[in-house]
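In what follows, a single structure is set out as structure tokens and then discussed.
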Amino acid sequence: SLFITPNKNAQLTIVIASNIQSFCCLFELTEKHLVLLRDGRTLIGFLRSIDQFANLVLQQTVERIHVGKRYGDIPRGIFIVRGENVVLLGEIDLEKESDTSLQQVCIEDILEEQRLQQQSRQEAEKTKHLALKERGLVMPRSDIMDEYGVQHQY
Amino acid sequence: MCPLCGWDVLVSYLICGTLHSVDQYLNIKLTDISVTDPEKYPHMLSVKNCFIRGSVVRYVQLPADEVDTQLLQDAARKEALQQKQ
């Protein structure tokens, strides 16, 4: 592992860091992985490559949409994810996966549920924004999730 | 390894885990994840270990009584002097 602390030989540490291709153990490259992206998406697939920037290559990727206790999977194929968009990368434990109480539904249904959820969120956000504006507070909006699960919509 | 390894970590009031390792980018590896509210955030239920990219971490809060601030100040001062030389 490349846990290098700053020291007098700063030049030397830089050389060491650039020689390291990957900072994961080998076993991580054969398991199913879950990736959380900054835009709120969840991707599940086989991690084929990772580098020091956390750029990822996922195979047989599926985009999983969660609404309440239901979820839907959209097959996406091969994904190359730029590291800066990665929030979290987790290894899926196959035993734990079969244990969950979540119900899988078809893609059309989950997309509809997601649309309704986002609609109600936007309405709540609008009323909140209006209330804050009346009190003289204007919150800046961004395209990045500030708080996991709360995405600001334009 | 860093002296904080093995500590319990709570991420964004969402994910509980044990700190496995930290790297130069302050990427964090956690083991034995559990979700604090599985009803609200069911995504992570089947994940045991995870890697968190350092750039998405806004801040890390350490319990005040676990940190020897005097020692920390002295160490930081010493390192600053060493770097100057």
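Which residue, of B:76, B:80, is within 11 Å of another protein chain (Cβ to nearest Cβ), over 28 Å from residue A:55 (Cα atoms) and of a type in the set (A, V, I, L, M, F, W, C)? Full working, then the answer.
Working: B:76 fails: within 11 Å of another protein chain (Cβ to nearest Cβ).
Of the residues listed, the single one that is within 11 Å of another protein chain (Cβ to nearest Cβ), over 28 Å from residue A:55 (Cα atoms) and of a type in the set (A, V, I, L, M, F, W, C) is B:80.
Which numbered condition in (1) within 11 Å of chain A (Cβ to nearest Cβ); (2) closer than 30 Å to residue A:100 by Cα is the only one that residue B:19 fails?
It is condition (1) that residue B:19 fails.
No value in this document is a laboratory result; all are computed from the given coordinates. Owing to the predicted nature of the structure, the values given are computational and were not obtained by experimental measurement. With ideal geometry, Cβ positions are generated from the backbone for all residues, glycine too; neighbour counts draw on all protein chains shown.
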